[in-house]
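> So that we are looking at the same thing, I have put the structure below in structure tokens.
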Amino acid sequence: MRVPPPFLAAGLLLPAALLAQSPAEPPQATTQAKHPAAIQEAPLRAHLAFLADDLLEGRGTGQRGAELTVRYLETQLKALGLRPAKGDSYRQPVSLLGLRTLTGRSTLSFLGGGACATPAFGTDIVYGAGLDRAEQAFDAPVVFVGYGISSALDRWDDYKGLDVKGKVLLMLVNEPAPTAEEPHLFDGPDLSYQGRWTYKFEEAARHGALGVLLVHTTPAASYGWPVVRNGWDAERFQLAQGPLGTPLQGWVTEDLARALAKQGGQELDALRAQAQRRDFRPVALDLRLKGTLHSAVRTVTQFNVAGVVPGTDPALKAETVIYSAHWDHLGRGTSADTHPGHDDIYNGAVDNASGCAALLAMAQTALHAPARRSQMFLFVCGEEQGLLGSKAYAADPLWPLAKTAADLNLDSLNFVAPTRDIGLPFANRSTLGDLGVAVAKASGLTVAPPRPDLGGGYFRSDHFSFVQAGVPALSVGGGRDYLGADPAALKAKAAAYGKRYHQVTDEYDPTWDLRGMVQQTQFTFDLGQAVANAPTKPSFKSAR
């Protein structure tokens with residue numbers, strides 16, 4: 001039996017006698033422990049099954065299921081005995097602006113080349129307002145601006161000083177590929193933040209554009225058109241107190257983009273090739289966008305939910321380690337006809353009832369294994385809308401960011417089988433990764449070798465809001481080296497989830513082998529305990 005390193009000795013192990021103590025009075029940490037503080041499958045499975053149940057209607061932002069979810073989470077934290085993180089409340093209100101495109105009253109047409117094209121909403125194009133205007137009319141020129149990137153760090157500017165006020169920008173998702181001369185362009189093989197569609201909307205708004213239309217391809221976006229359509233066919237949200245978007249924003253299919261470029265006197269492939277170069281300059285298309293946009297606009301309050309297990313060290317208990325997961329999914333939709341035999345509820349069993357279930361199971365364990373630093377269990381809202389809950393938390397934290405040691409995030413856990421390894425994507429960006437490697441070794445696990453982040457996953461989970469706020473953070477991933485009689489079949493089962501991602505088919509299956517989920521949860525808890533008991537906080541390595 002391998003002896004764990006010193007920083008794992010406290011907090012990861014627990015004497016059996018402490019298990020009998022009341023959760024309302026957390027026991028003191030000990031270094032004379034003989035038994036692990038183990039995550040239990042039964043509560044994890046029970047929470048997962050309930051959170052993914054039809055009763056919660058897909059936990060949609062601004063929908064009935066959202067309030068039911070928040071009630072459940074705060075009730076569970078109270079029943080376990082965690083302290084409220086906001087005074088005497090487990091809730092942190094987050095004010096959101098809700099925008100729904102009224103497709104029956106809205107029409108966009110493209111005029112040019114002697115033709116008028118009116119693409120079908122949902123089939124060829126999706127769009128909506130980026131600010132709180134119920135009615136808007138457009139008559140604007142269309143300009144192709146490459147990837148829509150303006151980054152001094154990368155010495156790249158697709159705008160080249162063009163005044164885009166009053167213009168609609170057609171742009172590519174992702175970013176220019178590295179070259180032999182510049183193998184580390186942007187972030188090399190990994191997608192940088194400048195490649196994310198959220199950045200492109202933000203940058204266009206900073207430049208004062210009237211509108212943005214992103215060209216979708218499955219390889220560039222890392223997901224198919226149905227994922228885009230499902231996200232824009234419903235009500236969308238943004239922080240009510242956050243920066244406003246452009247008046248018009250949306251996506252077009254590659255086929256429509258190709259047709260529009262041709263209608264405007266250009267070829268999409270030629271424009272795409274030009275956009276790979278630093279000397280690219282915006283290309284005005286012989287095309288105007290005309291139409292009206294009608295939107296249902298409202299302000300709604302959603303909630304982050306958080307509870308705390310206090311630390312035991314007189315000095316270090318003023319600092320905290322945060323475990324986070326987003327509780328929201330897509331709620332009820334209208335695409336049941338595309339999945340015969342299924343209802344219109346986006347249950348989000350894997351994404352992310354699994355992460356919330358894991359946090360609740362960890363919270364139950366943490367009460368019996370308090371650490372030197374305090375530990376917060378944070379369930380954030382609005383992740384599917386653009387990390388809104390975690391952004392709101394970072395802007396108005398319940399615990400000072402300067403005294404927050406790290407955030408460990410869980411999103412879409414391993415429902416397939418136990419593994420020999422664990423995922424620590426982008427672990428090299430802070431010393432949190434070094435600690436993770438040590439914890440994995442002590443747990444008898446290897447760290448899964450890194451893979452190029454072609455889809456920008458680093459920027460798509462709530463840990464990134466903490467990174468932007470200066471707190472070392474990462475999302476713990478599941479392993480890929482499955483244990484079982486037929487590893488190839490297990491890998492195929494994991495890969496098949498891609499077809500259920502953001503679909504009504506992401507439902508809980510009581511036959512799932514949750515040993516891998518328990519394993520991933522246990523590792524995350526162990527890593528959090530290691531951070532919570534270490535003499536110093538993790539620090540960043542990478543400036544990007």
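None of the figures in this text is laboratory data; all of them are computed from the coordinates on show. Remember, it's a predicted structure, so these values are computed and weren't measured experimentally. Neighbour counts are summed over all protein chains in view; Cβ atoms, including those assigned to glycine, are modelled from backbone coordinates with ideal geometry.
> Calculate the spin-label point distance for Glu254 paired with Ala488, positioning each point 7 Å from the Cα along the beta-carbon direction, and give it in nanometres.
Reported label-point gap for Ala488 and Glu254 is 2.9 nm.
> Find the Rg to Rh ratio for segment 99-297, where Rh is the Kirkwood radius over alpha-carbon pairs and Rg uses the same atoms.
Values: Rg = 16.0 Å, Rh = 17.0 Å.
Rg/Rh: 0.95.
> So, by mean Cβ neighbours within 10 angstrom, what's the order for 381-388, 503-510, 465-472 with the highest one leading? Don't skip to the end; give the middle numbers.
Values: 381-388: 25.1, 503-510: 17.5, 465-472: 20.2.
Ranked from most to least packed, the peptides come out as 381-388, 465-472, 503-510.
> I've got another one for you. Give, as a single signed number, the net charge of other residues whose beta carbon lies under 10 Å from the beta carbon of Asn414, with Lys and Arg counted +1 and Asp and Glu -1. Intermediate values should be presented prior to the final figure.
Details: positive: Arg480, Arg515; negative: Asp513.
Neighbour charge sum, excluding Asn414 itself: +1.
> Over segment 336-427, what lengths in whole Å, largest first, do the semi-axes of the equivalent ellipsoid take, defined as the square roots of 5 times the eigenvalues of the alpha-carbon gyration tensor?
Numbers: eigenvalues 163, 75, 35 Å².
The equivalent ellipsoid of segment 336-427 has semi-axes of 29, 19, 13 Å.
> A further question follows. Treat the count of other C-beta atoms within 10 Å as a stand-in for reagent exposure and order Trp156, Trp251 from fewest to most.
Lowest count first: Trp156, Trp251.
> Here is a follow-up. Pairs Lys160/Lys391; Lys403/Lys441; Lys165/Lys262; Lys441/Lys537; Lys290/Lys391: which are spaced more than 26 Å apart, C-alpha to C-alpha?
With Cα atoms farther than 26 Å apart: Lys160/Lys391; Lys403/Lys441; Lys290/Lys391.
> At a Förster radius of 35 Å, what calculated FRET efficiency corresponds to the Cβ-Cβ distance of Ala270 and Leu102, to the nearest 0.05?
According to the calculation, E is roughly 0.45.
> So, one more: Would you mind calculating the relative contact order of segment 39-153 from Cα pairs under 8 angstrom and at least 6 residues apart, reporting the percent as a whole number?
11
> How would you order 199-209, 527-537 from highest to lowest mean count of nearby Cβ atoms within 10 Å?
Descending mean neighbour count gives 527-537, 199-209.
> Looking at the chain, send over the antiparallel percent of its DSSP beta bridges, to the nearest 5.
On the way: 54 of 87 bridges.
Of those bridges, close to 60 percent are antiparallel.
> In percent, how large is the relative contact order of segment 99-297, given Cα pairs closer than 8 Å and 6 or more residues apart?
Working: 404 pairs, mean separation 83.4, N = 199.
Averaging sequence separation for qualifying contacts and normalising by length gives 42 percent for segment 99-297.
> Pull out the extension gain between Ala137 and Ala496, defined as 0.36 nm times the separation in residues minus the alpha carbon to alpha carbon distance; nm, one decimal.
Numbers: separation 359, 0.36 × 359 = 129.24 nm, distance 4.29 nm.
Gain on stretching Ala137 to Ala496: 125.0 nm.
> Report, in debye and to the nearest 20, how large the dipole of segment 99-297 comes out about its Cα centre when Lys and Arg carry +1 and Asp and Glu carry -1 on their Cβ. Can you show the working numbers first?
Details: 20 positive and 23 negative charges, 108 e Å.
The calculation lands at about 520 debye.
> At q = 0.11, 0.21, 0.22 Å⁻¹, what is the base-10 log of I(q)/I(0) for segment 290-396 according to the Debye formula with one equal point scatterer per Cα and no solvent? Please give it to two decimals.
Treating every Cα as an identical point scatterer, log10 I(q)/I(0) equals -0.50, -1.13, -1.18.
> For the chain, restrict the atom set to alpha-carbon positions and state the Rg and Dmax in Å.
24.1, 82
> Looking at Ala530, Gly389, Thr103, which one has the Cα that reaches farthest to the positive end of the dipole of the chain (charges on Cβ: Lys, Arg +1; Asp, Glu -1)?
Of the candidates, Ala530 comes out farthest on the positive side.
> Same structure again: Just the number, please: percent antiparallel of the DSSP beta bridges in segment 99-297, rounded to the nearest 5.
Among the beta bridges of segment 99-297, antiparallel pairing accounts for roughly 65 percent.
> Find the relative contact order for the chain and round it to a whole percent, using C-alpha pairs within less than 8 Å whose residues are 6+ positions apart.
Contact order relative to length: 22 percent.
> Which value, in debye to the nearest 20, describes the size of the charge dipole of the chain about its Cα centre when Lys and Arg Cβ atoms bear +1, Asp and Glu Cβ atoms bear -1, and nothing else is charged?
860
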